[in-house]
Structure formats: C-alpha cells, structure tokens
1. What is the one condition in (1) crowded, with 17+ Cβ neighbours inside 10 Å; (2) closer than 30 Å to Gly186 by Cβ; (3) touching a helix residue (DSSP H, G or I) at 6+ places or on another chain (Cβ under 7 Å) that Val480 does not satisfy?
2. Yes or no: the stretch 103-125 includes at least one residue that is in contact with a Leu (Cβ under 8 Å, 6 or more places away or on another chain), closer than 16 Å to Gly429 by Cα and either of a type in the set (Phe, Trp, Tyr) or assigned to a strand (DSSP E or B) (or both).
3. Filter the helices (runs of 4 or more DSSP H) completely within the stretch 209-314 down to those with at least 1 residues that are under 28 Å from His365 (Cβ atoms) and modelled with pLDDT of 95 or more.
4. Consider Glu409 carefully, then state whether it is part of a helix (DSSP H, G or I) and surrounded by fewer than 23 Cβ atoms within 10 Å (Cβ to Cβ).
5. So which residues in the stretch 269-286 are surrounded by fewer than 24 Cβ atoms within 10 Å (Cβ to Cβ) and under 23 Å from Pro339 (Cβ atoms)?
6. Looking at the stretch 304-320, is at least one residue more than 20 Å from Ala102 (Cα to Cα) and touching a Phe, Trp or Tyr at 6+ places or on another chain (Cβ under 7 Å)?
7. I'd like to check something: does the stretch 426-433 contain any residue that is of a type in the set (A, V, I, L, M), part of a strand (DSSP E or B) and under 20 Å from Gln48 (Cβ atoms)?
8. Filter the stretch 334-345 down to residues that are surrounded by 22 or more Cβ atoms within 10 Å (Cβ to Cβ) and charged (D, E, K, R) and give me whichever is farthest from Thr315 (Cα to Cα).
Amino acid sequence: MELQKRRFFSILPVIASIFFFFLKVSLKTSQSNCSLLPHNHYWISSKQIVTQDGVLSGAVEIKDGKVFSIVREEDWHGYIRRGHVVDFGEAVVMPGLIDVHAHLDDPRRDEWEGFPSGTRAAAAGGITTLIDMPLNSEPSTISEETLKLKINAAKNRIHVDVGFWGGLVPENALNTTALERLLRAGALGLKSFMCPSGINDFPMTNITHIKEGLSTLAKFRRPLLVHAEVQEENADNLSKDDENDARLYSTYLKTRPPSMEEAAIRNLLTVSENTKAGGPAEGAHLHIVHLSDARSSLDLLKKAKGRGDSITIETCPHYLAFSADEIPDGDTRFKCAPPIRDGENKEKLWEALRNGDIDMLSSDHSPALPELKLLQQGDFLKAWGGISSLQYVLPATWTAGRKYGVTLEQIASWWSKKPAELAGQHLKGSIAVGNYADIVAWEPETEFDLDENHPSYAKHPSISAYMGSRLSGKVLATFVRGNLVYEEGKHASAACGNRLLAK
C-alpha cells in the first residue's frame, strides 16, 4: 500500500502537467474561435487613431481585452516591434460604434431578424455594442420574467456585446414593485411610446405613467427613452383622394405631421423638469429617440436643456441622408415613424447635430418580413414601418456628413462616447487606457455600391432603404473586447459577445 501511494504521488506532477496542457489548449482553442486573431496581447497601429485627445498617428496596445497603452509614433523607438502588430496604415482606427436603438426581434420573432444575423450585421458595420429594444420580440420585455427570456435567448448567439432596455407600459408604470424588479434584473433603462406602438403587448403610456416611471428610475439613475409622438384627432381622416394616393409618400406624411412630435414633447416637458438637480426625479434622465422634427420640437427641447432638465436627443442617419421629396412613389422601404421629412428639415437636423443640440445617433434598425413591407403594392398607409440599416450606419453617416465638414471626432462622439454614457457603459465609448478594446478600423475614402452583390448579413437586406446607394467608408475590421470578430467579409466562428446587464 505504501509503495502504491509513493507511485501515485510520484506521477501527480505528470498528471498536473497534462491537465494544464489540455486546459491551455482548450483556452487557446476557445480564444481562436472567438477571434480571427490568435493573440491576447498585440498592437493596432494607424496614421489616424481617434482618441480622447484627438486624432494621432501611433499604436494602441491591447492586452487581455482592454486598452493597455497608447503610444504616439514619435515615441515608439521600435520597441513595439517585439510583439504582434496589426497595421492599418492610413485607415481610421476609432472606438467601436454603440447603437442604443436596435430591434433584433428575438426571441420568437427571429424570422424577422434575430440575435445571430443582427449581431453579425452589426460587427460588419463597425458596431461593437447594441442595446436591444423591448418590443418586436415575443413577448415584449416588460417584466423581470420576460427580460430573463431575452437574456437567455442571447446566450452564445451574439457576435457583439448586447444590452437590453425594458419597457414602460401602463401595466407596470403604476406598480413600483414590478418596475423595480425589472430594473434589478438588469434592464439598462426603460422605453415607452406616447402613441400606439403597433405591438399588442406594448401599449402606449400617458404622462402620468411617464411621471411615475421617472420617479422609479431616479432610484436607479437610469434613463427613460420615449417615442415622442401623440396621435391627433384628425390624423387618420384622409380624404378619399388621399387614400387612393397611398403610393405617394406625401400621403403618409399627412398622417404623421411634425405637430405630433411637438405635442408629445410639450407634454413631456411638464414632467422633465423633475429630473433637474434637486428635483423629485433627480437621477432619472429623459432621452428622446429618433427625433425627426428639427423645427418647433427641437426648439422646445433646447429650452428644456437650457433650464437644466436632464435630457438627451438622438436622431438617425435616415433622417440625415434622405428627404421626403426624393422618395419614389410606392417605395415603402422608406416608411418609418416619425417619417422622413423635407429637405429644409434635414438641413436643420444637421445643423443641430453639429452644434450639439442633438447629442447622438442611433440606427433604429427595424427589420421585418419582406412581405410586410408591401413592396409590390407600394401602399405607404398599410406597409409595416421601419428602416433596416444596422450594417450601413457608419458609411451612411459619413457619406451624408462629408459635405457638412463632419470630423472623425464628431463621428466618434455621436456614435460611441455619448451612447456609452446613455447606456451606462463607462468602459466603452472611447479608446482610452483601461477601457475595453472595442475598436473599428475603416477606410473613409473607399466607395462601394450597396447592391445585391455586396455582402450583407442582416436577414432581409433587400428591404433596406440604403440598397442601391453608393456609400463612402468601408469597414475593414471590428474588435470586441480585443477579439477580432470581423475582418473584410469573415466573422469569427464563435458568437462570444457579452450580455450587458445593469447592476
């Protein structure tokens, strides 16, 4: 027996070494499946790196998924050449985009989109973080239980990091316990509609619901995102001639005039002042999603910001790239709510964005089954609304913005820094030491035609309003927490994105 013990203990080091060898191989295999780059410690170099301190020529050191150091070109002295270097030359290296407004339609409606296809499209577009909206999945995310369904549906199926907004609806708005359970379960904030959402289990809220929601959110210091349109009594009272002209975009515009946004925002501002410092809802924050009206609605919001209300505003690339007078008859790919407005309004949106009155951009990626868009009939009144855009928002923003002198720093602020702040992601949004290595490399000068020959990863690319466009800004590579998840048409084989839950 004593001899057997000695023999057993004598081979323990061998067993241990074998165990750690296979563990190392397993970890290496796992890492390689998550990343197209087999390195955990490496450098990214470029002549144009967008940092908090401006655009510099140099290199970013990546170690264990985070930014370890940033070195200017003149300070290299050749020492980084001892490690692996991914050299992007003249291409832009920028913080990965954070899209705070996307409908991925998972679970149970993934024939529309789904986590796998949606996050592959995001990665191909330079988006490293998505915040998924609580409606268009089945069921809507309006409780602790339905949030858990969403979280479970995302497990091992996301190629970028994904967080989740919860829904504020009449059912939970006046039930503080239920709302707090939803927020404690990890919802990054709440979303509500002031008009019918089109989804049966996501009814609209009134100002009382919103006021109560802000009070609860104040305890958690999280935002309320609001679809700010209210229905007008005569909104659907089109004439017979109008109904016969349902193929005209102008007919659809009559059903959602700017006054719908203005009325909603006037109503909201009666409670938004509660979010001011010292107010009863201090700590809560009001975020206006997809602002379309750049006239009276924007003026009201600017005044509320000026008086100290805690408010931010987003708009979307489709409001900046297109105008109502350019939309062809019957082309229902362009239907969305609020609608795309006239060219003068588009100019004012750009002015507000460049001046900082509008804080950030989002895709409002809202896919659907092609048959729901009624592309053959071209009926704007009956077609499902929503712009499918997830993969194209970076080149769409850059292409439309170049004539306005948009800078790389502005793109990084609108698409990374400000969205990270809204979603409470403090280690994202900029290339800075200690932050996650969420990075996109892209070529601003490279043009491409977005057609059926262009590799698109969303489930139904044909319904996108951007199809047929010529865009500038080709995405070369996307890194999520140091993993190279996308590189010129190829994705990492494993879906290793993280689910982001509030704590």
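The values are calculated or read from the model by the stated rules, or taken from the named source; none is laboratory data. Quick caveat: nothing in here was measured; it's all calculated off a predicted structure. Backbone-built Cβ (ideal geometry, glycine too); neighbour counts: all protein chains shown.
1. Evaluating Val480 over (1) crowded, with 17+ Cβ neighbours inside 10 Å; (2) closer than 30 Å to Gly186 by Cβ; (3) touching a helix residue (DSSP H, G or I) at 6+ places or on another chain (Cβ under 7 Å) leaves (3) as the failure.
2. No.
3. Filter on the stretch 209-314 gives 249-255, 258-272, 296-306.
4. Considered against the rule, which asks whether it is part of a helix (DSSP H, G or I) and surrounded by fewer than 23 Cβ atoms within 10 Å (Cβ to Cβ), Glu409 comes out as yes.
5. Scanning the stretch 269-286 gives a single hit, Leu269.
6. no
7. No, that holds for no residue.
8. Lys335
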